[in-house]
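Scroll down for the structure; my scribbles are underneath it.
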Amino acid sequence: MEQQDQQPAPESEKKRKRASKRPKSRARKILARTGLAMLVLFLVASLAGVGAFLYLYATTKLPDPNSDFTTNTTFIYYNDGQEQLGSLAVQNRITLDYDKMPQVMKNAVVAAENSTFFSDPGFSMPGMLRGLWTIARGGDVQGGSTITQQYIKILYLSSERTAGRKIRELILAMKMGREVPKEKILEGYLNTIYFGRGAYGIEAAAKSYFLKSASELSLSEAATLAAILNNPAGLNPSAGEKSRERLLGRYQYVLDQMLENKYISQAEHDAAYPALPEFPEVPVSDRYGGPKGFLVSQVEQELSSLGFSDAEVQGGGLKVTTTLDKNMQDAAVATAQKYTEEAASKAKPQQDASKLHVAISSVDTATGGVLAMYGGPDYTKDSRNWSTTPRPAASTFKSFATVAGLRNGYSLDSTLKGDTFTPRGDGVPVRNEFNEQYGDVTLRRAVAESINTAFVDMTESMKNGAPAVIQAANDAGAPSGAGWDVNNRIALGAAEVSPLNMANAYATLADSGKRKDVHFVAKVVDRNGNTVYEAKKEGTQAIEENVAANVTDALTSVVEEGTGTKASQLKRPVAGKTGTNGVDDSITSAWFVGYTRQISTAVMYVAGDSGNENLDAYKKPGDKTFFGSGYPLTTWVEYMQTATKGQEVKQFDKAKPIQGKSSAPSQAPTRSAQPTSAQPTQSAQPTQEPSYGGRRPTSDPTDSGRFTPSTQPTRTKSQAPTAQPTGGGKSTQQPTGGGDKPTNPGDGERGPGGGRQSNGG
């Protein structure tokens, strides 16, 4: 085949090809150079990062659990920041060698917390990455899922929420995982982990929960302790039924994990699975002894509600400054104990002082901070806090009805029914204490003399009267609970409120209608000197300013000319209200709640283990019954004389008159036959207590979604209150109280069975 000669390409075509190739070649060169530069930078950064990491690894020292960890006691101070109130977690810790630790306990903890403990490198990288990502987004520290990481966190307790701390934790975990035998890590962890009840380590925990050495723990007891360490506060077996239910669920999970990891047999699993072991009664730590134990317990609960972990509270070395005033607290204790003894000794016949309970709660009206609280004589002997236990508020609740009336067209000059009458649709007449008849009365006089009929008349006449009264009470700061049934007699005080919440609700009235969160903790400083929490001081305008001023004006009439004249001994402007609640032939609670411009204080008296027994056994000699104007008011005056000493005399806000109306035209009083006796409605004890704003959410929120300190602290076993007759709903048992004056004539109103329900002032 003849080969054809190739013809050279035209010069124009050559130029075109060269031109087309030139830009492509340049782009490749630029990309190559940029890629090389980026690679160099990446390598330099990587080398720098590796170098920094290696430097940190080499220079980071592993902590000594027996020196560093024992110094982290949390101290609690009065509001001056100098006088110590108490301490938390003076460590109850007994160190055990690894070979002396019970194998069942080691197995339970490893199965529950980190089943790969003996094979993993000491850290969980996914967990660490999640933690760093959460920190970058401004959230709380996460991760720390391995036992090694948990141990590191224990030894390096800190409130820091930074990537730097997380990286340090990773380095320490890696270093510990490489340099320390697994047995030594588990030994250190089990000797330092917090189990609640002030117990650090398994030996102290075994004694705190089961009164035995760790070596004597059974499978079910070991599994219980392994369950508890996951959340000591939320899984406390002494904290009530809900907590036990949660603990049972976690306990059964631990047993399942032990079975899966072949630590126990199926038969052992099935035998232990159905129920928790028995918990013996364990003595409470001495740091809770006496009246101050109630304060320490409240501070401890509040710190938990603010988001501080058990580890931080119990071993974080915090400095907690409270709102409590040392002089006022001493006065509250002295006054409460003085009149407890006096009432018991002067009674005819003489009574047992231990069965009479006095509660004093005193609140700073400007901040909501608790200035003083008396909950009982000795927390270690009876942990029920009577200042946080709700009981029928009696006529102190009429202040909230007054708020509702002023909001709904009434004024202090509006006229209301002061005589016995039968409300529409109700077959039972409303009566006053001692069946006294007043004729038509103003709202101001109804407040001053605590006239039952007037408040039922007003509540009935208002649109949505009972809900309006309840709303007013909630707005002021009194949470709903037992006895808050919606009915036209709600103002008479079957509703249960704790003295602490009542003091705070009246503080709202004192401070021009601004409601604050009642609280004990003013400031928290960590062990490095950093302020990590300060209580907010601003409040919420919950009640209209002039409405609050008018209610205060009415309550000053109680002191000037009504049932609370003894409070005028304070020689400064005072507003307040007496209250006496009776069911059948028993007086079940007696109150005085009053305030100056700066301090609001509630005093409550109840009797018996449950606080529902008859106070009449302790009445003052010569008194017809145990009135709120008796011992409660006397106690209030004596305490407040000390509390207000040296304080500036401040006037209340001047009330602007509210133009109002009268109730429906007065009808002739119904002189009906005596009501038939019937058992009042019974209600369970409410759980609402002071709510606290959160620093950060807890990992295990309460059932209500917010912190509600229990009305019964749980460090010791104490009898739960019995159901309280509340007289709620349309009771056929007639309320007849209202006078609350020891000098009032008459015998009171009695039903066919001799019964009496008195919700007087």
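The values are calculated or read from the model by the stated rules, or taken from the named source; none is laboratory data. Since we're looking at a predicted model, the values are computed, not measured. Note that we place each Cβ from the backbone using ideal geometry, even for glycine, and neighbour counts take in every protein chain shown.
In a helix (DSSP H, G or I) and in the same structural domain as Thr146 (by TED's automatic domain parsing): does that describe Lys262? No. Looking at Thr601, Thr635, just one residue is crowded, with 21+ Cβ neighbours inside 10 Å and assigned to a strand (DSSP E or B), and that residue is Thr601. For segment 557-598, residues that are part of a loop (DSSP other than H, G, I, E, B), closer than 25 Å to Ala344 by Cβ and polar (S, T, N, Q) total 1.
For segment 201-232, which positions are aromatic (Phe, Trp, Tyr) and buried (at least 24 other Cβ atoms within 10 Å of the Cβ)? Explain how you work it out, then say what you get.
Residues of segment 201-232 aromatic (Phe, Trp, Tyr): 209-210.
The answer is Tyr209, and nothing else.
Per the listing Leu229, Leu248, Leu276, the residue uniquely within 22 Å of Ser304 (Cβ to Cβ) and either at pLDDT 95 or above or not assigned by TED's automatic domain parsing to the domain that holds Ala199 (or both) is Leu248.
Which members of segment 486-525 meet the condition of being of a type in the set (Lys, Arg), within 20 Å of Ala542 (Cα to Cα) and in contact (Cβ under 8 Å) with a residue 40 or more places away in the chain? So that I can check it myself, show each step before the final result.
Of segment 486-525, the ones of a type in the set (Lys, Arg) are 489, 514-516, 523.
Within this subset, residues satisfying the condition of being within 20 Å of Ala542 (Cα to Cα) are 514-516.
Those that are of a type in the set (Lys, Arg), within 20 Å of Ala542 (Cα to Cα) and in contact (Cβ under 8 Å) with a residue 40 or more places away in the chain: Arg515, Lys516.
Among the residues of segment 156-170, what is the count of those that are modelled with pLDDT of 70 or more and surrounded by fewer than 19 Cβ atoms within 10 Å (Cβ to Cβ)? Step through it out loud before you land on a result.
Start the filter on segment 156-170 by keeping residues that are modelled with pLDDT of 70 or more, which leaves 167-170.
Now drop any that are not surrounded by fewer than 19 Cβ atoms within 10 Å (Cβ to Cβ), which leaves 167-168.
Here the count works out to 2.
Can you confirm whether segment 502-514 contains a residue that is touching an Asp or Glu at 6+ places or on another chain (Cβ under 7 Å) and surrounded by fewer than 24 Cβ atoms within 10 Å (Cβ to Cβ)?
Quick first cut of segment 502-514, residues touching an Asp or Glu at 6+ places or on another chain (Cβ under 7 Å) only: 512-513.
With surrounded by fewer than 24 Cβ atoms within 10 Å (Cβ to Cβ) added as a condition, the list becomes 512.
The answer is yes, given that some residue of segment 502-514 is touching an Asp or Glu at 6+ places or on another chain (Cβ under 7 Å) and surrounded by fewer than 24 Cβ atoms within 10 Å (Cβ to Cβ).
Scan segment 461-491 for residues that are farther than 26 Å from Pro390 by Cα and in contact with a Pro (Cβ under 6 Å, 6 or more places away or on another chain) and the total you get is 0.
Of all residue pairs spaced 6 or more apart or on separate chains, none has beta-carbon atoms under 9 Å together with a first member in segment 453-473 that is without any contact (Cβ under 8 Å) to a residue 24 or more places away in the chain and outside the structural domain of Gly425 (by TED's automatic domain parsing) and a second member that is surrounded by fewer than 22 Cβ atoms within 10 Å (Cβ to Cβ) and not in a helix (DSSP H, G or I).
In segment 470-491 there is no residue that is surrounded by 22 or more Cβ atoms within 10 Å (Cβ to Cβ), more than 25 Å from Ser600 (Cβ to Cβ) and hydrophobic (A, V, I, L, M, F, W, C).
Quick one: would you say Lys654 is in the same structural domain as Gly405 (by TED's automatic domain parsing), in contact (Cβ under 8 Å) with a residue 12 or more places away in the chain, within 20 Å of Lys346 (Cα to Cα) and among the basic types (Lys, Arg)? For Lys654, the condition - in the same structural domain as Gly405 (by TED's automatic domain parsing), in contact (Cβ under 8 Å) with a residue 12 or more places away in the chain, within 20 Å of Lys346 (Cα to Cα) and among the basic types (Lys, Arg) - is not met. Exactly one residue among Asp426, Asp352, Asp378, Asp330 is acidic (Asp, Glu), surrounded by fewer than 20 Cβ atoms within 10 Å (Cβ to Cβ) and under 25 Å from Ile470 (Cβ atoms), and that residue is Asp426. Every condition in (1) in contact (Cβ under 8 Å) with a residue 60 or more places away in the chain; (2) in a helix (DSSP H, G or I) holds for Ser354 except the one numbered (1). A count restricted to segment 533-577 and to residues that are under 27 Å from the mean Cα position of the chain (by Cα) and surrounded by 19 or more Cβ atoms within 10 Å (Cβ to Cβ) stands at 7.
One line per residue, one yes/no per condition, for (1) of a type outside the set (D, E, K, R); (2) touching a strand residue (DSSP E or B) at 6+ places or on another chain (Cβ under 8 Å); (3) surrounded by fewer than 17 Cβ atoms within 10 Å (Cβ to Cβ):
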position: Asn191; (1), (2), (3): yes, yes, no
position: Gly196; (1), (2), (3): yes, no, no
position: Gln257; (1), (2), (3): yes, no, no
position: Glu281; (1), (2), (3): no, no, yes
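Met328 satisfies every condition listed in (1) in a helix (DSSP H, G or I); (2) touching a Gly at 6+ places or on another chain (Cβ under 8 Å); (3) farther than 26 Å from Val583 by Cβ except (2).
Which one of the conditions (1) surrounded by fewer than 22 Cβ atoms within 10 Å (Cβ to Cβ); (2) at pLDDT below 95; (3) of a type outside the set (Phe, Trp, Tyr) does Glu341 fail to meet, given that it meets all the rest? Answer for Glu341: the failing condition is (2). The number of residues in segment 395-423 being over 26 Å from Phe592 (Cα atoms) and either touching a helix residue (DSSP H, G or I) at 6+ places or on another chain (Cβ under 7 Å) or surrounded by 24 or more Cβ atoms within 10 Å (Cβ to Cβ) (or both) comes to 3. Among residues of segment 365-378 that are farther than 20 Å from Tyr77 by Cβ, those with a Cβ under 6 angstrom from a residue that is small (Gly, Ala, Ser), sequence gap 6+ or separate chain, pair up as Thr365/Ala507; Thr365/Ala510; Thr365/Ser600; Asp378/Gly290.
Of the set (1) modelled with pLDDT under 95; (2) within 30 Å of Thr422 (Cβ to Cβ), all apply to Ala468 but (1).
Would you mind stating whether Thr402 is under 30 Å from Gln541 (Cβ atoms) and either in a loop (DSSP other than H, G, I, E, B) or touching a His at 6+ places or on another chain (Cβ under 7 Å) (or both)? Talk me through it step by step, then tell me what you get.
Numbers: under 30 Å from Gln541 (Cβ atoms): yes; either in a loop (DSSP other than H, G, I, E, B) or touching a His at 6+ places or on another chain (Cβ under 7 Å) (or both): no.
No; evaluated as a whole, the condition is false for this residue.
Note on segment 278-314: residues that are over 17 Å from Val525 (Cα atoms) and either hydroxyl-bearing (Ser, Thr, Tyr) or in a loop (DSSP other than H, G, I, E, B) (or both) amount to 13.
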